[in-house]
Structures are given as C-alpha cells and as structure tokens.
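Only the coordinates and a few stated rules stand behind these numbers; no lab work does. All of these numbers come straight from a predicted model, not from anything done at the bench. With ideal geometry, Cβ positions are generated from the backbone for all residues, glycine too; neighbour counts draw on all protein chains shown.
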Amino acid sequence: MDNSNKIVPPHLNAEIYRTDTTGTSTLSYLDYIRIHSDGSVLVGSSELTGRYWNGGASVFKDIAEARSITVGGKRSIPLTSGTADGCFIGTSAKVLLCEDNGAVSVWSTNVEQQNVWNQWKEDISVAEHDNMVLAVDCLEPEQCYVTAGADGNVKVWDINDMICIRNYAAAHSMIINAVSVRPKSTNSFATGSMDQYVTLWDDNIDKRVLDLLKNDCCIRCIAWLDENRLVVGDEAGVLHLLDVRNTESDVKITEFPAAVHKLAVHADSDKVAVCCDNKIVTVCEVAENSQPKVIYHDRHMHSNYVRGMAWDVQDKNTLHTVGWGGELKSHTELLG
C-alpha cells in the first residue's frame, strides 16, 4: 500500500502550512450594515475560521437582493483581515472600509459597466492605526471622515488624498469602541472607550474638549439623538442618556442582560434600536420631554449574536439587522 502522507523537509514545514488549504471552510460572521439613500446596502463581515482570519464586504442594490446573502457566499470586496465598520462615500459606488490590520481603505466600482466584469477595486489603502480600526463616521460627506481604533487613537482623514489631517494619539488610554459625529456639525464628534470615558472632540482643537461621562465600566457604543443628547451603551448592559448642556445629567434609559453592542438612531424620530451580546433586538423611544420606554423586543428572529442594525430608507418603521447567524432580518412589527 502506498503511503499517502506528505514527507516534508523540516525547514519547509512553515511554507507547507501557510499554503495548505485542504479541509478548510469559511463562515462569514456579519458585523455591520449600512444603507445608502438610494437603497443600496453595504454589509461587512469577518471570516474567522481556523487560521484564516479574513473578511470582506458585500454591496447590494437593495434590501431584497441583500436578503439573498449566504454564510459561505462570495463577497463583493474580499479582504485579508476582518472589518468592524464601513460606510458609503457619496454615491453607492464607493465605500470606505475599516480593517482589523489597522488599514483604512477606499473601494469603488463602475456603475455604468453592467456586466460580469464589473468588480470592486481598491483605490487606496493606508495603514496608520497600530491596531484594529473599529469605528468610522462622516464629518463632511465625500471629504472628511473620522476613525477610531483599538490602539486608542482617533484620526481625522481627508479621504480624497487619504491623508490624516488630525491625529489624536492616545486619545483614550484603552480601546476606542465607538465614534459618533454630532448632528449638523462638520467638526464635533464624541468617542466611547474601554477606559470608561465618553469624550467630546473638535477637529479644530488638538486636544479633547470635554469628558462627558466617567462611567463605572467600559463604553461599548454611542449615538447622537440630536445636537445635545447622546445615547451610550456600556459593558454592564446599561443604556444611558447624556445631555451636553448638563454633564451631570446621566439618565438610565433601561438595562439589558448583556453588554450593549451597537445603537441605531432613527433619523426622523426618537427611536433607538439596540443590540447586545445576544440575539435580542430592542427598540426604545427616547422623547425629550417624556420617560424613555421600550416599544419593541424580539428574541427569535436571529439564531446568533446580532451585530449590526440600520433603519430602512423608504419604510421608516422597518429596521434591518445582521448578525453572526449570517442572515439579514427585517423587523416591522410594533414600530409604527
């Protein structure tokens, strides 16, 4: 009987291990969803299977097409690392992706070329973060964007030339999980970090403006309700409401059984969608002059952790979510 085992010289073991792809399978863990005003959908994923820690992003023309996403399906944009966040740049034919290797990359496609060769190409990639890039938000559309990372740094980018025009080195002493630009502002934004601080910044100033909150556990996510009110989710599962006009006001909206992972604020109302480190999706109503309340709660649609959420651009009472189950779900009940 022939011996089918490979006999490899010791000095080539590492090379054989690196190039061997036998017996592997890749599962996509969906991490975020962004919806363009024209209805296009961006879904980012990390593919953490064995020793192949890759990732990618898929772009769909609408929600109906995005529902066809599969766990092992081919991505529009393949990456050599995971991606925790991303966004459209102006049109739906251009996106910015945050990568786990510290890179910020811009990708585009030719929308006029409607054939099988119409592929996404990388326009530029700059790796100036020293660790994972975890969050991005837009200061000035198609011009200025802000990123935050696990290196504790915050960077403001001119994406036309992909130049870092403001670098807040050691902005926080630990991982920065979230960044959110203040509504109607092109220079003010807030960050939330594992060092337990929520901090306000202005990109015209080279240091922090104000610490809005010193929490008793790490901050996982933040989102502005309006120009003055900020919603904060923490590791203990508490959802806070802050008012920048009174930094002593820290209102507890509600408490969840797991760490709050992400928030999605409705653009035209006081609704805030919440997902935690579980498979539950919750919507809270946080009106300015009334007591905050939970108006929707679902624990059955997803089979694994929910990671990303986005409100529909046409049906204002519909919320779309993605998660580690690899599927996109739409929530319509009780949101009207």
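Can you tally the net charge around R67? Count Lys and Arg as +1, Asp and Glu as -1, for every other residue whose Cβ sits under 15 Å from the Cβ of R67.
-3
Give a residue-ordered list of calculated ³J(HN,Hα) values for region 140-150 (Karplus: 6.51 cos²θ - 1.76 cosθ + 1.60, θ = phi - 60°; whole Hz; x for Gly, Pro).
9, x, 6, 9, 10, 9, 10, 10, 9, x, 6
For region 202-292, report the convex hull volume of the alpha-carbon atoms normalised per residue, in Å³, without decimals.
111
State which entries of K252/K329; K121/K207; K293/K329; K121/K271; K184/K207; K61/K329 exceed 26 angstrom in Cα-Cα distance in the structure shown.
Working: K252/K329 28 Å; K121/K207 36 Å; K293/K329 23 Å; K121/K271 37 Å; K184/K207 21 Å; K61/K329 17 Å.
Pairs exceeding 26 Å: K252/K329; K121/K207; K121/K271.
Please list, in chain and number order, the residues 5+ apart from T254 or on another chain whose amide H is under 5 Å from its amide H, with Hs placed from the backbone.
L239
Go through region 213-289 and name the trypsin sites (Lys or Arg not before Pro) that are in a DSSP coil and have 15 or fewer other Cβ atoms within 10 Å of their Cβ.
Sites meeting the loop and neighbour criteria: R245.
At R0 = 22 Å, how high is the FRET efficiency between I165 and K121 if r is their beta carbon distance? Nearest 0.05 is fine.
The formula returns an efficiency of 0.30 here.
Between L27 and D270, 0.36 nm times their residue separation minus their Cα-Cα distance comes to what?
My answer for the length gained is 83.9 nm.
Using the Karplus curve 6.51 cos²θ - 1.76 cosθ + 1.60 with θ = phi - 60°, what ³J(HN,Hα) values do you get for each residue of region 82-92, in whole Hz, with x for Gly and Pro?
Rounded to whole hertz, the list is x, 9, 9, 6, x, 7, 6, 10, x, 7, 7.
What does the charge add up to near N131, with Lys and Arg as +1, Asp and Glu as -1, over the other residues with Cβ less than 9 Å from its Cβ?
-3
What distance in nm lies between label points placed 7 Å from Cα along the C-beta direction at A236 and R208?
Here the modelled spin labels are 1.9 nm apart.
So for region 123-193, what percent of the C-alpha to C-alpha distances run longer than 22 Å?
Counting every Cα pair in region 123-193, those more than 22 Å apart make up 14 percent.
Out of every Cα pair in region 277-323, what percent are spaced more than 18 Å from each other?
38
Return the long-range amide H neighbours of N278 (sequence gap of 5 or more, or a different chain), with a cut-off of under 5 Å between placed amide H atoms.
V306
Take the Cα radius of gyration of region 256-336 and divide it by 2.2 N^0.38 Å, with N its residue count; two decimals is plenty.
Numbers: Rg = 12.0 Å, N = 81, 2.2 N^0.38 = 11.7 Å.
Here the answer is 1.02, to two decimals.
Only one of the listed values, (i) 0.96; (ii) 1.06; (iii) 1.00, was derived from the coordinates as Rg/Rh (Cα atoms, Kirkwood Rh); which label is it?
Read-out from the structure maps to (iii).
Add -39500 (n - 2.57) for each DSSP H run of 4 or more in the chain, then divide by its residues: what number comes out at 222 nm, to the nearest 500 deg cm²/dmol? Before the final figure, lay out the partial values.
On the way: 2 runs with 11 residues, N = 336.
Calculated mean residue ellipticity at 222 nm is -500 deg cm²/dmol.
Need the C-alpha centroid separation for region 257-336 versus region 30-94, integer Å.
19
Between N304 and A64, with labels modelled 7 Å along Cα→Cβ, what's the label distance in nm to one decimal, could you check?
It is 2.9 nm.
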